[in-house]
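*Asks:* What follows is a single structure, and I will ask about it in a moment.
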Amino acid sequence: MRALQLVGPGTLEMREVPVPEIGPGDLLLRVGAVGICHSDSYVLSLPFRLREDPLTMGHEIAGTVEAVGSGVTGRSPGERGLVYLCWSCGECRECLRGNENVCLAAGRTAMPPCPGLGPDGGMAEFVRIPANSFVPIGDLDFVGAAPLADAAMTPYHAIAGARDQLYPGATAVAIGIGGLGHLAVQILKAVADIRVIAVDIAADKLELATACGADLGLTAGPDTAARILELTGGRGAEAVFDFVGTEPTARLATESVAPNGAYRIVGLGGGALGLDAGPAGGPGLPWGATVRKSYGGTSSDLRASVVLAQAGRIHVEVEQFPLESGPAAFERLDRGDIRGRAVLIP
């Protein structure tokens with residue numbers, strides 16, 4: 001089969017490799033579509049290899065069951081679905097509580113194995129997956145469904161972790177209207193009766209946010225926090241979701257979140273929050289505000305995202321590329337030229 005593989009730091013190649021063999025508890029999935037995420041770009045930029053062998057990338061995977069392992073029940077060839085990206089143990093106390101994304105088997109890093117980030121991923125014609133990672137999608141189109149596996153599930157998880165602040169009339173801020181951010185706007189409007197303010201540096205991304213239901217778009221700059229405070233009577237937004245995670249966005253979030261509000265960090269930009277134990281006030285984090293680094297999501301979050309998509313409450317803006325054009329799609333993603341999500345078609 002054809003597979004787009006990371007063969008060295010910063011180097012992608014289209015290679016011919018064997019179709020994966022499956023074990024008793026696995027499924028072989030014929031890939032219908034696979035999204036490109038900023039975390040894929042992050043892995044591509046690393047100055048070292050994640051493993052010695054070439055790695056097939058891609059963790060936002062939609063496809064059709066091609067073959068079923070001998071020990072698998074309840075799955076059949078021809079079923080259509082997504083791949084839940086946290087390949088957790090399923091047996092520890094966190095998994096049994098429904099927190100598969102922080103599986104104990106993953107240790108303090110709390111990042112269970114993920115396709116394309118250790119095990120081979122879905123930027124190929126076929127992929128081997130654990131049977132319990134398969135989530136049915138009915139007749140959803142593969143191209144629009146594949147990004148739900150991360151671009152919808154991850155913001156859904158972050159939003160679910162701040163639901164106590166999303167009461168009627170509250171204000172939420174979404175910073176960074178890319179693959180995750182444009183879905184976050186839709187999820188926020190679908191699950192709560194709130195005002196949503198979108199923030200980005202690019203006018204076209206703010207136009208996308210408005211098309212996705214944002215009540216207001218603000219261009220990121222030195223006065224953005226002051227503008228959010230002005231719009232909220234000087235108090236700040238009840239919830240701020242940062243899908244960038246750089247120094248400026250972290251500062252914006254801490255300066256614009258309300259007392260007792262929720263700041264949820266999703267982006268991987270490496271920005272320092274500037275938190276201290278001094279008295280609250282001024283531009284720092286206010287009293288009662290909580291900060292949470294939100295990783296991925298649970299299988300329940302993914303299934304809830306699929307339900308919203310099936311009901312027409314959320315949709316993914318996509319730009320399609322053939323698998324062999326993957327390197328060019330990565331370049332456009334890194335330049336910020338993708339509207340919504342880039343999706344590869346094998």
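*Asks:* When you go through Val34, Val17 one by one, which is the residue that is within 30 Å of Asp337 (Cα to Cα) and hydrophobic (A, V, I, L, M, F, W, C)?
*Replies:* Val34 is the lone residue from the list that is within 30 Å of Asp337 (Cα to Cα) and hydrophobic (A, V, I, L, M, F, W, C).
*Asks:* Could you say which residue among Ala152, Ala131, Ala145 is touching a strand residue (DSSP E or B) at 6+ places or on another chain (Cβ under 9 Å) and crowded, with 21+ Cβ neighbours inside 10 Å?
*Replies:* One residue alone meets the criteria, Ala145.
*Asks:* Would you say Leu252 is more than 18 Å from Gly233 (Cβ to Cβ) and either hydroxyl-bearing (Ser, Thr, Tyr) or part of a loop (DSSP other than H, G, I, E, B) (or both)?
*Replies:* no
*Asks:* Still on this structure: Scan (1) over 23 Å from Val102 (Cβ atoms); (2) surrounded by 13 or more Cβ atoms within 10 Å (Cβ to Cβ) for the single condition Gly269 breaks and write down its number.
*Replies:* (1)
*Asks:* When residues of segment 82-112 are filtered for being buried (at least 17 other Cβ atoms within 10 Å of the Cβ), assigned to a loop (DSSP other than H, G, I, E, B) and without any contact (Cβ under 8 Å) to a residue 60 or more places away in the chain, how many remain?
*Replies:* Adding up the residues that qualify gives 4.
*Asks:* Counting just the residues of segment 50-70 that are assigned to a loop (DSSP other than H, G, I, E, B) and in contact (Cβ under 8 Å) with a residue 60 or more places away in the chain, which one comes out nearest to Ala309 (Cα to Cα)?
*Replies:* Among them, the one singled out is His59.
*Asks:* Suppose we keep only residues that are without any contact (Cβ under 8 Å) to a residue 60 or more places away in the chain and hydrophobic (A, V, I, L, M, F, W, C) within segment 259-274. Which one would you say is nearest to Pro155 (Cα to Cα)?
*Replies:* So, considering only residues that are without any contact (Cβ under 8 Å) to a residue 60 or more places away in the chain and hydrophobic (A, V, I, L, M, F, W, C), the one nearest to Pro155 (Cα to Cα) is Ile265.
*Asks:* Scanning for something surrounded by 13 or more Cβ atoms within 10 Å (Cβ to Cβ), under 16 Å from the mean Cα position of the chain (by Cα) and not aliphatic (A, V, I, L, M), does segment 307-327 turn up at least one residue?
*Replies:* The answer is yes; a qualifying residue exists.
*Asks:* Sort out which residues of segment 293-346 are among the polar types (S, T, N, Q) and out of contact with any helix residue (DSSP H, G or I) (no Cβ under 7 Å at 6 or more places or on another chain), and write them in order of number.
*Replies:* Ser300, Gln310, Ser325
*Asks:* What number goes with the only condition from (1) surrounded by fewer than 22 Cβ atoms within 10 Å (Cβ to Cβ); (2) within 24 Å of Asn132 (Cβ to Cβ); (3) modelled with pLDDT under 95 that Pro20 does not pass?
*Replies:* (3)
*Asks:* When you go through (1) without any contact (Cβ under 8 Å) to a residue 40 or more places away in the chain; (2) within 22 Å of Gly71 (Cα to Cα) one by one for Pro130, which number turns out not to apply?
*Replies:* Against the list (1) without any contact (Cβ under 8 Å) to a residue 40 or more places away in the chain; (2) within 22 Å of Gly71 (Cα to Cα), Pro130 comes up short only on (1).
*Asks:* Among the residues in segment 165-172, are any surrounded by 24 or more Cβ atoms within 10 Å (Cβ to Cβ) and either under 27 Å from Gly32 (Cβ atoms) or at pLDDT below 95 (or both)?
*Replies:* No, segment 165-172 has no match at all.
*Asks:* Given (1) of a type outside the set (Val, Ile, Thr); (2) within 20 Å of Pro147 (Cβ to Cβ); (3) crowded, with 20+ Cβ neighbours inside 10 Å; (4) out of contact with any strand residue (DSSP E or B) (no Cβ under 6 Å at 6 or more places or on another chain), where does Glu60 come up short, assuming only one miss?
*Replies:* (4)
*Asks:* For segment 268-280, indicate whether the set of residues that are in a strand (DSSP E or B), assigned by TED's automatic domain parsing to the domain that holds Gly178 and not aromatic (Phe, Trp, Tyr) is non-empty.
*Replies:* no
*Asks:* Have a look at Ala184, Ala214 and point out the one that is within 27 Å of Gly122 (Cα to Cα) and either assigned to a loop (DSSP other than H, G, I, E, B) or touching a helix residue (DSSP H, G or I) at 6+ places or on another chain (Cβ under 9 Å) (or both).
*Replies:* Being within 27 Å of Gly122 (Cα to Cα) and either assigned to a loop (DSSP other than H, G, I, E, B) or touching a helix residue (DSSP H, G or I) at 6+ places or on another chain (Cβ under 9 Å) (or both) holds for just one of Ala184, Ala214, which is Ala184.
*Asks:* Another question, if that's okay. Evaluate the following for Thr254: is it surrounded by fewer than 19 Cβ atoms within 10 Å (Cβ to Cβ), under 23 Å from Asp200 (Cβ atoms), assigned by TED's automatic domain parsing to the domain that holds Asp164 and in contact (Cβ under 8 Å) with a residue 12 or more places away in the chain?
*Replies:* In short, no.
The values are calculated or read from the model by the stated rules, or taken from the named source; none is laboratory data. All of these numbers come straight from a predicted model, not from anything done at the bench. Because the Cβ atoms are built from the backbone with ideal geometry, glycine has one as well, and the counts that use them run over all protein chains shown.
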